[in-house]
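Student: My structure is below; once you've seen it, I'll send some questions.
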Amino acid sequence: MYSACIFDLDGTLANTLYSIASFSNAALGRCGYPPIPDEDYRRIVGDGTDVQLHRMLRRVCGDNGFSERDVAALKGIYSALYGSDPVHLVRGYPGMRETVAALRKSGIRTAVLSNKPDAWAKVIVGSLFPPGSFDFCYGQSPLFARKPSPEGALRIAEGFGLSPREILYIGDTNTDMKTGKSAGMDTAGALWGFRDRAELEENHATYVMESPKEIPPLVLGGKR
């Protein structure tokens, strides 16, 4: 059915929730703010670092309790902490490594598109998957607008030499579903990630999957 897949990173290829929570709460603490429960980061992350930091400060200070200078100070500390060890507390989802390998073995092209800063995304992907697992790995950078802009997904499609209709976009949040739809791609919502079925269906997921092992049969269709 498809010739390629684009994967989101956080909550799709890797469980980074506790990594993000750890660095975020450490940064909050250094700035004199209270921590946020780890599980609450499921709703805070997904739209890039700047949006995440604003959501964190709204949570601990209220809507009008902080300034952009406070955001900048928090970002400096958070970025230094995260950049020092991007794989801290990162875990692969069961079956995902095998899923990507099966797709590659069957001739399916694969790529990663994340709103995580590009350097961190590349380190995390490289720690979890063997070389050659993905044709492209793009995190947030000046090259294109962050998701849900379709720019990154369309750049990957161009690199594949494929039309958007030949590509399945796989992610776990409303941002991912919007990205794929805006790019003209079918989307698959990952229930093993950070959000729930309702959010994925409300944002017009073409498919909703409960496990990575469901991906190859869907992508390959009748291929052998």
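Student: Please indicate, with yes or no, whether at least one residue in the range 81-88 is more than 21 Å from residue 17 (Cα to Cα) and among the acidic types (Asp, Glu).
Tutor: no
Student: Further question on the same structure: For the range 137-206, give me every one of the helices (runs of 4 or more DSSP H) that falls completely inside it and has 1 or more residues that are touching a Lys or Arg at 6+ places or on another chain (Cβ under 6 Å) and under 27 Å from residue 90 (Cα atoms).
Tutor: Details: elements: 151-160, 174-182, 197-202.
In the range 137-206, 174-182 are the helices (runs of 4 or more DSSP H) which contain 1 or more residues that are touching a Lys or Arg at 6+ places or on another chain (Cβ under 6 Å) and under 27 Å from residue 90 (Cα atoms).
Student: Moving on. Which residue pairs have Cβ atoms closer than 8 Å, lie 6 or more positions apart in sequence or on different chains, and pair a first residue in the range 137-156 that is assigned by TED's automatic domain parsing to the domain that holds residue 173 and without any contact (Cβ under 8 Å) to a residue 40 or more places away in the chain with a second residue that is of a type in the set (Gly, Ala, Ser) and assigned to a loop (DSSP other than H, G, I, E, B)?
Tutor: Qualifying pairs under 8 Å: 150/183; 150/184; 151/145; 152/145; 154/183.
Student: Can you name the residue in the range 194-214 that is farther than 23 Å from residue 151 by Cα and not charged (D, E, K, R) and is also surrounded by the fewest Cβ atoms within 10 Å (Cβ to Cβ) among such residues?
Tutor: The selected residue is 198.
Student: It is to be established whether one or more residues within the range 52-62 are assigned to a helix (DSSP H, G or I), over 22 Å from the mean Cα position of the chain (by Cα) and closer than 13 Å to residue 31 by Cβ.
Tutor: Within the range 52-62, one or more residues are assigned to a helix (DSSP H, G or I), over 22 Å from the mean Cα position of the chain (by Cα) and closer than 13 Å to residue 31 by Cβ.
Student: While we're looking at this one, here's another question. Return a yes/no flag: does the range 136-143 have any residue that is buried (at least 18 other Cβ atoms within 10 Å of the Cβ) and among the hydrophobic types (A, V, I, L, M, F, W, C).
Tutor: Checking the range 136-143: at least one residue is buried (at least 18 other Cβ atoms within 10 Å of the Cβ) and among the hydrophobic types (A, V, I, L, M, F, W, C).
Student: Also, I was wondering about something else. Within the range 67-113, track down each residue that is free of Cβ contacts under 8 Å to residues at least 40 places away in the same chain and farther than 29 Å from residue 135 by Cα.
Tutor: 67, 68, 69, 70, 71, 72, 75, 76
The values are calculated or read from the model by the stated rules, or taken from the named source; none is laboratory data. The shown structure was predicted, so the numbers you read here are calculated from the model rather than taken from an experiment. With ideal geometry, Cβ positions are generated from the backbone for all residues, glycine too; neighbour counts draw on all protein chains shown.
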